[in-house]
Amino acid sequence: MNFDLVIRNGTVVTASDIWESCDIGIKDGIIVAVGPRLPATAGAQVIDAEGAFITPGGVDCHVHLSQVYEAAVDEIDRSVVTNGVIPDLENYVSDTYDTGTRSAVAGGTTTVVTFASQMKKDESIIPVIEDYHKLAKDQSYCDYAFHVIITNPTPQIVEEEFPRMVDEYGITSVKLYMTYKPMRLRDYQILDVMYSARKLGITTMVHAENTDIIDWMTQHLEEKLMTQPYHHGTSRPPIVEAEATNRVICLAELMDTPILLVHISGGPATKHIRDAQTRLLPIYGETCPQYMFLLADSMRKRDFEGAKCVCSPPIREDKSDQDAIWAGIKNGTFTIVSSDHAPSKYEHPHGKKRGLQHGNLPHGKFRFIPNGLPGVETRVPLLFSGGVLSGRISPQKFVEVTSTNPAKLYGLKKKGCIGPGFDADLVIWYPQATFQPFNLTNEMLHHAIDYTPFEGIEFKNWPRYTIIRGKVVFSHGEVVGEMGYGQFIRREKSLLPGPRDVWLSEWRP
Ligand code: URP
Ligand code: ZN
Ligand code: ZN
Ligand code: ZN
């Protein structure tokens with residue numbers, strides 16, 4: 001067998017096993033051999049892993065790029081926005097496909113699934129998908145696929161366009177919001193989406209927060225002038241997430257359809273997911289590093305700069321919530337860990353500082369702070385360093401939640417595993433004995449954002465090489481891949497369990 005690239009002497013990790021002193025042979029971008037002492041082949045490039053861990057490339061299935069959420073647009077001149085996108089780059093608050101995927105590969109992520117976002121006024125999702133294709137094409141450093149955010153599920157969209165989305169466009173998941181005024185769906189509309197999603201094998205992702213509690217609490221906190229960034233969290237205690245999580249699990253049970261609860265932040269919601277799984281419902285959970293590594297005092301400190309850590313659901317106050325998230329990763333409640341990379345620059349007219357400019361109060365108003373954090377570059381290294389190397393999770397669990405499960409959940413058939421036939425998407429880490437731990441600063445990162453919420457955190461390792469389809473795209477701190485190398489990936493239906501044909505009444509779809 002001829003190889004194009006041989007990686008020698010690694011500690012190869014999959015979601016189930018670890019093989020020491022192991023080589024990987026790659027041909028035409030595909031892994032063709034995994035085993036000890038693969039034969040030398042003339043002309044093959046050789047990388048010596050020096051005994052270090054080799055893990056499958058990160059698969060991050062919750063990344064917002066070139067997207068302006070309607071929620072964040074209330075205060076922006078809406079005429080500049082088309083299909084959720086500000087075409088004028090000068091106006092970008094956030095990461096584009098270029099900067100976001102550059103950041104991804106620098107942190108060991110080789111595939112991202114980003115969002116094509118319908119705005120309520122869009123009567124069809126087809127032009128929305130086409131628009132995001134234009135934004136991503138020739139702009140991406142890593143492979144990418146899309147979910148579609150549905151904010152207005154008309155009969156035309158759910159009945160006629162969903163089948164086209166799956167068959168023509170290779171998109172097999174949608175995201176729904178239960179909160180954010182311009183995006184949220186009523187329960188009735190959620191059922192409309194689930195009804196069609198079930199028939200087509202679409203995975204429905206849900207942002208579960210009780211929007212009326214949030215609105216009511218925000219109003220009443222403002223009356224008491226409790227409007228500092230920190231009180232973003234006060235307005236959304238864990239029951240806000242738990243109530244909506246439980247409600248949408250009930251809707252999914254009624255409709256006998258699988259859902260993924262995204263960015264779960266607290267213990268009470270985690271328990272609802274766990275209970276549903278114990279009842280054998282196909283309910284999946286996602287959490288994010290911000291809920292594993294940060295607590296709410298990151299919003300309290302530095303006065304208004306606490307805005308840098310404002311996201312929804314909020315980073316939690318109590319260590320008990322953080323502990324519940326870690327327990328949920330270990331016991332399998334959480335199928336995947338994604339970044340929810342959804343940053344806004346801090347020093348930008350429409351960025352995080354907006355709450356100060358629009359608040360008419362010396363300490364600003366959290367209501368006007370765009371929600372979301374940067375994290376596509378730090379997700380994999382944080383879980384490796386703060387998870388595996390800190391003894392909290394096994395190397396296999398790390399691979400499972402950052403790569404293998406995301407690929408299986410979202411039908412990325414050739415991603416997420418080191419084995420023959422899979423794309424050669426790999427991360428080679430530094431040999432542990434020689435790695436000098438360091439404390440992260442934003443200057444080290446490759447995104448276009450002017451801060452990281454993980455500033456100062458110690459990293460005990462970092463990807464030494466990131467490899468996509470057999471090509472080194474990141475090496476020793478430098479992005480060496482090219483913009484445009486990343487390919488759009490058509491997805492299959494989820495490989496994880498789906499409908500059970502168990503019903504709550506005589507009704508059948
Ligand atoms: O605060 C967050 N998470 N913003 C990004 C949009 C979303 O809800 O995922
Ligand atoms: Zn403004
Ligand atoms: Zn969300
Ligand atoms: Zn998100």
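See the values below:
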quantity	calculated
Subset tally (residues that are in contact with a Pro (Cβ under 9 Å, 6 or more places away or on another chain), outside any loop (DSSP other than H, G, I, E, B) and aliphatic (A, V, I, L, M)) for region 432-483	0
Only one of S298, S320, S312 that is part of a helix (DSSP H, G or I) and either at pLDDT 95 or above or basic (K, R) (or both)	S320
Region 32-58 - residue that is surrounded by fewer than 24 Cβ atoms within 10 Å (Cβ to Cβ) and of a type in the set (V, I, T) and, of those, farthest from the chain's Cα centre (by Cα)	T41
Complete set of residues in region 284-317 that are aliphatic (A, V, I, L, M), under 21 Å from the mean Cα position of the chain (by Cα) and under 19 Å from F366 (Cβ atoms)	L294, L295, A296, A307, V310, I315
Unique residue being touching a residue at least 24 places away in the same chain (Cβ under 8 Å) and either within 14 Å of the chain's Cα centre (by Cα) or buried (at least 24 other Cβ atoms within 10 Å of the Cβ) (or both) when the list is S320, S344, S390, S385	S344
Scope region 143-177; condition on the phi < 0 side of the Ramachandran plot and assigned to a loop (DSSP other than H, G, I, E, B); matching residues	I150, T151, N152, P153, T154, E168, Y169, I171, T172
Only one of Y410, Y346 that is among the aromatic types (F, W, Y) and away from ligand 4 (no atom under 16 Å from the Cβ)	Y346
Unique residue being β-branched (V, I, T) and either within 16 Å of ligand 2 (Cβ to nearest atom) or surrounded by fewer than 19 Cβ atoms within 10 Å (Cβ to Cβ) (or both) when the list is I369, I325	I369
Residues of region 325-366 classified as in a loop (DSSP other than H, G, I, E, B), aliphatic (A, V, I, L, M) and either out of contact with any Gly (no Cβ under 8 Å at 6 or more places or on another chain) or modelled with pLDDT under 85 (or both), total	1
Test: residue in region 240-252 that is among the hydroxyl-bearing types (S, T, Y) and within 29 Å of H363 (Cβ to Cβ)	no
Unmet requirement for S140, which otherwise passes all of (1) over 30 Å from L412 (Cα atoms); (2) in a loop (DSSP other than H, G, I, E, B); (3) small (G, A, S)	(1)
Whichever residue in region 207-238 is touching a Leu at 6+ places or on another chain (Cβ under 8 Å) and either within 18 Å of G359 (Cα to Cα) or not small (G, A, S) (or both) and, among such residues, is farthest from ligand 4 (Cβ to nearest atom)	L225
Residue that is within 16 Å of ligand 3 (Cβ to nearest atom) and within 30 Å of G170 (Cβ to Cβ), where the choices are I264, I202, I249, I214	I264
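The values are calculated or read from the model by the stated rules, or taken from the named source; none is laboratory data. Everything numeric here is computed off the predicted structure, so don't read it as measured data. Glycine gets a Cβ as well: all are built from the backbone with ideal geometry, and neighbour counts include every protein chain shown.
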